[in-house]
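The values are calculated or read from the model by the stated rules, or taken from the named source; none is laboratory data. Please read these numbers as outputs of a predicted model, since none were measured by experiment. Positions of Cβ are backbone-derived with ideal geometry, glycine not excepted, and every protein chain shown enters the neighbour counts.
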Amino acid sequence: MIPKCSLFSLPTIYFLLLCSLAFASENNSFSLESEALLKWKTSLEIESQPLLSSWAISRSPCNWFGIVCHLGSSVVTNINLTSIGLRGTLYHFNFTSFPNLSTLDLHDNSLHGNIPPHIANLSALTFLNLGFNNFSGKIPHAVGNLARLKVLIFTNNFLSGPVASFLGNLTDLYLLHLGNNHLSGSIPAVIGRLRNLTELRLNLNKLNGSIPSSLGNLLSLKVLSLYGNNLSGTLPLEINKLTNLTLFFLSNNSISGLLPENICHGGLLEDFCAKDYGVYPKLDYVDLSYNNFHGEISPNWGKCKVLTSLKISNNNITGEIPPELGETSLLHVLDLSSNNLGGQIPKELGKLKSLYNLTLSGNNLSGKIPPEIGTLPDLSYLDLAANNLNGKIPKQIGDCSSMLYLNLSNNDFHGVIPAEIGNLVWLQVVLDLSQNSLSGEIPWKIGNLVKLEILDLSHNQLNDNKVFQEAAVLGNNLGLCGKINGLKICPEHPLKNDKDHHKNIALLISTSFLGTLFISSMIIGFIYIVRKRQKKIGIEMRNPNHGNLFAIWSYDGKLVYEDIREATENFDAKYCIGVGGTGSVYKAKLSTGQIVAVLTKIRHRNIVKLYGFCSHAQESFLVYEYLERGSLAKILSDAEEAKELDWTKRIEVVKGIANALYYMHHDNTPSIIHRDISSNNILLDTKYQARISDFGSARLVKVDSSNWTVLAGTYGYIAPEFAYTMKVTEKCDVYSFGVVTLEVFMGHHPGELTSSISTSSSSLSSSSLSPSSSSSPSKTHATLLKNVLDNRLPSPTPDLADEIVAIIKLAFTCTDANPQFRPTMQHVCQELSTPKPTLCGPFHEVTLGQLLNNKCVLTEN
């Protein structure tokens, strides 16, 4: 008989015993995890210690910085220590102490050494990001045992060895990023087993061999980035199956052959850098440059109606330029340089009224330059050097009023230099007519090109006019050469078919720069004297019947042009009232009494059209394209208008600004820096499409130049380093873009927030934008994101919330105090076009600190 010594039944005792064991197990786990983390902390270099001051044995690790525990327990599930300057290794990290760890994110630190094989003990791991560190050695074989892994990111390290086949075991992966390492060997075919992959990035490594056909099994793939390797061979036909691709990068390899025809049947492809002869109606940017492609340019490119850039330079393309390219009416950039193209330049290119960059240099083109080229109003960059072009230089080129760069060197042009070239008053970068068979005198109108920095007329049969013949003093200019008394003979140019000829020519031209300036100044002085003697006022222009010359401008533009030229004495410097990035602005009093000046313009769907500048005794104004909704600043300041600008529209506004800056920084030669990106200079049309305006402070970026300038821009948007150094770079615009992006989502200027969110360890500080800032970093980090968003709008839907969080994280990197840590606008546009993962937790709980430290982990959709 069992004595009644307890009020508990036997099952109850068993239950209590199990609870006691579970509690002891949890406490034991807590102890092991704390001990392991503290041991690793002591192994880190001393400068990392203050950042982990909350790590102490007296506190639960669930309250430590960067540590997240399972809800309602003390079991560590997430370790997120990103961008905090950790220095050390993982050798003393006891991975066996974390059986429940699902997330390990240590990216953007200074960790080094090998990745320990014991990392395989993290059996519950689903997210592993060690990117942007200094890890070296091979990817340990044990990584292949992390069967639950969904995200694996080792980007931007020094990892070497092969892309190991054991990665094919990670069948749950949907992100695999191994880009920018030193990985070698071939792409293993077993990667084709990873059927859940949405992103595969192996770019900027040393991979070789062919692309395996098994990649065609990755039917969910949205991003395939293989550029910057040594891959060769043809693309497998199985790539046809990847109909969900949005980003496809193959450039800077040695891929040959044709791209499968059906790769874009899904209609989702947005950015494509490879070779393709298909017809893709949504494709607007193509870069196939620097590969080993052969064959001919397909006329199908002419059917890509929204194409703005087509770059196929530095390949082995043969055949002729198809005239069908003239049908791509939105084309801004056409670069077919350094190939083996033959035949003539098709006159149909004269139909490309949006074209501003035409580069056909380094080919075997023959025949004459079609005069239709002179009808392109926006053509700013024309390079036809190193071909077999002949005949006379057409005078119609002088009608390309936006021209900044003109290179016709290394051809067989004969006859005289057309005087009309002197009409290209905006020519600034270079005028190179060298290595031809030109004869006759140098036209005195060349002296109109007062902005020109590089002039090369060498290696022709030109007869120097009296101004040059009597200029014996030119012989004292170091590096100046030519067939003039007192000058040394210019060195020979390199061979025409040498694809590196541009580098050699650049050296020849640059050494002649000082002498060129001297010649230009003498010509200008000579022209000034001559024109003063010959100056006549046209009686017919003063006829009151003419009235407003702008009324007849479209009928007789030459009439107005001649009047302007007379009024400015051939654009004499004393009439210059301002210098912008695309040229100078001249004040001209016309014969009718009107005072006007004409500005150049650039063309992009997110850049406002600038028609001109008008000044009168009673008023002065710029003439812009009319945009109905006005400036972004105006809309955000009005409660009702701000409500109309909902989250979806605001996302599109940010993307529009980014696209315009990408165009200016990366699709222009030379690049254009705006220098005054602010909400006042962002205009919106009826559909809330954003357009950048006000290029009064813009500057062209000169290659190999320090680009020093005076302080310009709007207070509150100026990059901190610009205020100190006066050195302008594209990163100045990136900073301003970040500020405007925050303003778009906050509904007002971020103010002192910009001085508290710097993610940089640099000694520079963006607090110069807000001298009275009083917010501490810790207070800012604890601020909920929802509390800084525009409260005039309802809380965003989950899908929009994901995108807003990703964009604001990107804006924070753009406003980094150290310009080196800011992304380029190319990177920004790529990020904005990449599908966003979902948040791991509720949107209303996200803090600014989580965004700054990447603690708010993004998970799969």
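Is region 447-459 home to any residue that is within 16 Å of VAL416 (Cα to Cα), out of contact with any Cys (no Cβ under 8 Å at 6 or more places or on another chain), crowded, with 20+ Cβ neighbours inside 10 Å and at pLDDT 85 or above? Yes, the conditions are met somewhere in region 447-459.
When CYS62 is tested against (1) in contact with a Gly (Cβ under 9 Å, 6 or more places away or on another chain); (2) over 19 Å from LYS150 (Cα atoms); (3) not in a loop (DSSP other than H, G, I, E, B), just one condition goes unmet, and that condition is (1).
Of all positions in region 352-362, none carries a residue that is surrounded by fewer than 21 Cβ atoms within 10 Å (Cβ to Cβ) and either within 23 Å of GLY295 (Cβ to Cβ) or over 27 Å from the mean Cα position of the chain (by Cα) (or both). With the checklist (1) surrounded by fewer than 22 Cβ atoms within 10 Å (Cβ to Cβ); (2) closer than 23 Å to SER31 by Cβ in hand, flag the one item VAL76 doesn't pass. Only one criterion in (1) surrounded by fewer than 22 Cβ atoms within 10 Å (Cβ to Cβ); (2) closer than 23 Å to SER31 by Cβ is unmet by VAL76, namely (1). If you go through region 398-433 and keep only what is out of contact with any strand residue (DSSP E or B) (no Cβ under 9 Å at 6 or more places or on another chain), closer than 21 Å to LEU462 by Cα and small (Gly, Ala, Ser), you end up with GLY398, ALA419, GLY422. For beta carbons closer than 7 Å, sequence separation of 6+ or different chains, a first residue in region 187-212 that is over 19 Å from THR234 (Cα atoms) and a second that is of a type in the set (Phe, Trp, Tyr) and part of a loop (DSSP other than H, G, I, E, B), the qualifying pairs are ASN196/TYR174; LEU197/TYR174; THR198/TYR174.
Annotation note: of SER361, SER402, the sole residue that is in a loop (DSSP other than H, G, I, E, B), within 29 Å of ASN315 (Cα to Cα) and out of contact with any His (no Cβ under 6 Å at 6 or more places or on another chain) is SER361.
Which of the residues spanning region 124-158 are in a strand (DSSP E or B) and out of contact with any helix residue (DSSP H, G or I) (no Cβ under 9 Å at 6 or more places or on another chain)? Listed by number, the residues that qualify are PHE127, ASN129, ASN134, PHE135, SER136, GLY137, LYS138, VAL151, ILE153, PHE158. Contact map, region 407-425: first residue over 20 Å from ASN387 (Cβ atoms), second residue surrounded by 22 or more Cβ atoms within 10 Å (Cβ to Cβ), Cβ cut-off under 6 Å, separation 6 or more or different chains; pairs are GLY422/ILE446; GLY422/ASN448; LEU424/MET403; VAL425/ASN448. Determine whether PRO61 is at pLDDT below 90 and in contact with a Ser or Thr (Cβ under 7 Å, 6 or more places away or on another chain). Yes: the conditions hold for PRO61. Being of a type in the set (A, V, I, L, M, F, W, C), crowded, with 19+ Cβ neighbours inside 10 Å and either on the phi > 0 side of the Ramachandran plot or touching a Lys or Arg at 6+ places or on another chain (Cβ under 8 Å) (or both) holds for only one residue in LEU149, LEU130, LEU125, LEU167, and it is LEU125. Scanning region 290-303 for residues that are assigned to a loop (DSSP other than H, G, I, E, B) and at pLDDT 80 or above returns ILE297, SER298. If the condition is being outside any loop (DSSP other than H, G, I, E, B), crowded, with 18+ Cβ neighbours inside 10 Å and small (Gly, Ala, Ser), then region 375-399 contributes only GLY398. Filtering region 165-211 to residues that are within 24 Å of the chain's Cα centre (by Cα) and polar (S, T, N, Q) leaves ASN180, ASN181, THR198, ASN203, ASN205.
What are the pairs with Cβ atoms under 7 angstrom where one residue, in region 373-392, is among the hydroxyl-bearing types (Ser, Thr, Tyr) and the other, located anywhere, is part of a loop (DSSP other than H, G, I, E, B)? Sequence gap at least six, or different chains. Cβ pairs passing all conditions: SER380/TYR356; SER380/SER402; SER380/MET403; SER380/LEU404; TYR381/TYR356; TYR381/LEU404; TYR381/THR669.
Among the residues of region 326-346, how many are closer than 23 Å to LEU250 by Cα and not in a loop (DSSP other than H, G, I, E, B)? Adding up the residues that qualify gives 3. Restricted to region 98-122, and to residues there that are among the hydroxyl-bearing types (Ser, Thr, Tyr) and in contact with a Lys or Arg (Cβ under 9 Å, 6 or more places away or on another chain), the residue that is surrounded by the fewest Cβ atoms within 10 Å (Cβ to Cβ) is SER110.
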